[in-house]
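The values are calculated or read from the model by the stated rules, or taken from the named source; none is laboratory data. Because the structure is predicted, anything quoted here is derived from the model rather than measured. Glycine gets a Cβ as well: all are built from the backbone with ideal geometry, and neighbour counts include every protein chain shown. Surface accessibility is based on the protein's heavy atoms, side chains included, excluding ligands, DNA and RNA. Shrake-Rupley method; radii C 1.70, N 1.55, O 1.52, S 1.80 Å.
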Amino acid sequence: MRLGVLDIGSNTVHLLVADAHPGGRPLASTSTRTVLRLMRFLTPDGSISEEGVSALEQAVADAARVAREQGVDELLATATSAVREATNGDEVIARIEAALGQELQVLGGEVEARYTFLAVRRWFGWSAGQVLLFDIGGGSLEIAAGADELPEAAASVPLGGGRMTVEFLHDDPPGEDAVERLRAHAEQTLDPVLAPFRALARPGHVVGSSKAIRSLAKLAGYPVPGWSGIERMLLPRAALGSWIPRLARIPASARQELPGITADRTFQIVASAVVVHTAMRLMDVDELEVSPWALREGVLLRYIESMAWS
């Protein structure tokens, strides 16, 4: 059957359409997205402004239309941190569901981490052994670890690139003082939640799975041969750390001239780099492997699995 996953995140509204059947690998046929950067629309009381909600409604309606045009049999609509944490979240969800014409599944942070971990586990396979995962979006950072398809530990912290840019990196370019304040905040936020991960076996693979991490790997990482001729990207902590001061001195409008930094990531790439680098340092990680599969693929795989067992 043809499935669609609509991921309403803090940065984009992203529709992935894939052909799938029980026991088979989902084959993507269409991927479309609208860049919203919802953190721009947060008001002082933590609600999403009317302008932001209207933009969401339009993006969701456009995605639903594309899904119909693509002949999607089942649309799996999910929302993550920006919607679930807004003080007017109930109203926003109701308006999204009206624009969509169906119910919306609002994922908790740990559930988001578990879906993403499932996708990474399936991509790397059982032979990967113990896996540690970092996934950073616009609103939150998810961490998960384990040797099975369900992680032994999972956590979500409000350290997303968009959120941290709005809260800490007010100037453009932000400068090194602002970066250091963000780094201290990230360390203070992360340190209390890392004990369960430090207690687990040393991971055989440390994986990053978000668009921001893929962008940073193209900027500061390097490719290596992968399975079946598929090229893999690695992101070394040292190289990422050396790029952060340079990124902090470059205006957002000029960052898209850098390798791997697309226009929709220029706004929050500095904050994302600082948070990921801090998490790697606190967990004594020297290098990340980049996974092409993330949350949307995890949602697809979980649905396909439920089809197979029923």
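Here are the numbers for the structure shown:
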| item | result |
| --- | --- |
| Entry for P(r) over Cα pairs in 20 Å bins from 0, in percent (calculated from the structure that is shown) out of [x] 34, 60, 6; [y] 29, 40, 21, 10, 1; [z] 29, 45, 24, 2 | [x] |
| Point-to-point label distance, GLU231-SER54, nm (Cα→Cβ direction, 7 Å offset) | 4.3 |
| Relative contact order of the chain, pairs being alpha-carbon contacts under 8 Å that are 6 or more residues apart, as % | 19 |
| Table column - 3J(HN,Hα) (Hz), segment 29-36, Karplus curve with 6.51, -1.76, 1.60, x for Gly and Pro | 10, 8, 9, 10, 8, 10, 7, 10 |
| Full-extension gain in nm, ASP171 to ASP90, via 0.36 nm per residue minus C-alpha separation | 25.9 nm |
| CD proxy at 222 nm, helix term only [per DSSP H run n ≥ 4: -39500 (n - 2.57); per residue of the chain; nearest 500] | -13500 deg cm²/dmol |
| Charge dipole (debye, nearest 20) of the chain; +1 at Cβ of Lys and Arg, -1 at Cβ of Asp and Glu | 820 |
| Amide hydrogen neighbours beyond the local backbone of LEU141, cut-off 5 Å, H modeled | VAL157, LEU159, GLY160 |
| Fraction of accessible area attributable to carbon and sulfur, the chain (%, probe 1.4 Å) | 51 |
| Average Cα contact separation per residue, segment 1-142, under 8 Å, 6 or more apart, as relative contact order % | 26 |
| Among beta bridges that DSSP assigns inside the chain, antiparallel share in %, nearest 5 | 70 |
| Cα centroid of segment 190-236 to Cα centroid of segment 83-161, whole Å | 17 |
| Accessible area of the chain divided out per residue, in Å², using a probe of 1.4 angstrom | 42 |
| Positive-end residue of ALA186, PRO203, ILE143, charge dipole of segment 85-222 with Cβ unit charges | PRO203 |
| Probe 1.4 Å - accessible area at THR30, Å² to nearest ten | 30 |
| Exposure ranking of ASP135, ASP62 by accessible area [1.4 Å probe, largest first] | ASP62, ASP135 |
| Estimated vicinal HN-Hα couplings, Hz - segment 13-26 in sequence order (Karplus 6.51, -1.76, 1.60; Gly, Pro = x) | 10, 10, 9, 10, 10, 9, 8, 8, 8, x, x, x, 7, x |
